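**Q** So that we are looking at the same thing, I have put the structure below in structure tokens.
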């Protein structure tokens, strides 16, 4: 795969590396030599990552998760899924990947991020719309209601 499609903001370290380091620091991971070999890095490179505030924050977050929630399948899957976002990004921006695959990846990413309106509608049935009723008082006629949904700029009147 052509690595020229890497996003500009992508870290050079992976969430899986941060996870492996967090496990090691919590006393349940692989030996350091094994981690370095698995990730194809040297101790010097790892020391450089240790100076990255984002890496430090991710390792500390994962250590807290491991201490408080234990080592779970869900935590491992979450770590892998976060790493796979970079792969997804690369595939979406690769001109050799079919439009159907790209569309599926984009839809999945939007859904996972919680930006899909059908996901929002499933949570309590509220999509963030606003309903305003103005009672001008003393009138027995029906009061007009304006219903505006966040994803639809058109207003419905009833």
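The values are calculated or read from the model by the stated rules, or taken from the named source; none is laboratory data. A quick note: this is a predicted structure, and the numbers were derived from the prediction, not measured. Here the Cβ positions follow ideal geometry from the backbone for every residue, glycine too, while neighbour counts run over all protein chains shown.
**Q** So which of 70, 27 ends up being surrounded by fewer than 11 Cβ atoms within 10 Å (Cβ to Cβ), at pLDDT below 90 and more than 27 Å from residue 113 (Cα to Cα)?
**A** 27
**Q** Could you grab the pairs with beta carbons closer than 8 Å, sequence gap of 6+ or different chains, first residue in the stretch 25-51 and more than 15 Å from residue 14 (Cα to Cα), second one outside any helix (DSSP H, G or I) and modelled with pLDDT under 90?
**A** 28/71
**Q** Of the residues 85, 46, 36, 75, only one is under 22 Å from the mean Cα position of the chain (by Cα), surrounded by 13 or more Cβ atoms within 10 Å (Cβ to Cβ) and modelled with pLDDT of 80 or more; which?
**A** Within the list 85, 46, 36, 75, the selection yields 85.
**Q** Would you check if residue 147 is modelled with pLDDT under 75, outside any helix (DSSP H, G or I) and more than 24 Å from residue 16 (Cβ to Cβ)?
**A** In short, yes.
**Q** May I ask you to verify whether residue 54 is under 20 Å from the mean Cα position of the chain (by Cα), assigned to a helix (DSSP H, G or I), free of Cβ contacts under 8 Å to residues at least 60 places away in the same chain and surrounded by fewer than 17 Cβ atoms within 10 Å (Cβ to Cβ)?
**A** So residue 54 fits the description; yes.
**Q** Against the conditions (1) within 13 Å of the chain's Cα centre (by Cα); (2) surrounded by 14 or more Cβ atoms within 10 Å (Cβ to Cβ), where does residue 80 fall short? Just the number, please.
**A** (2)
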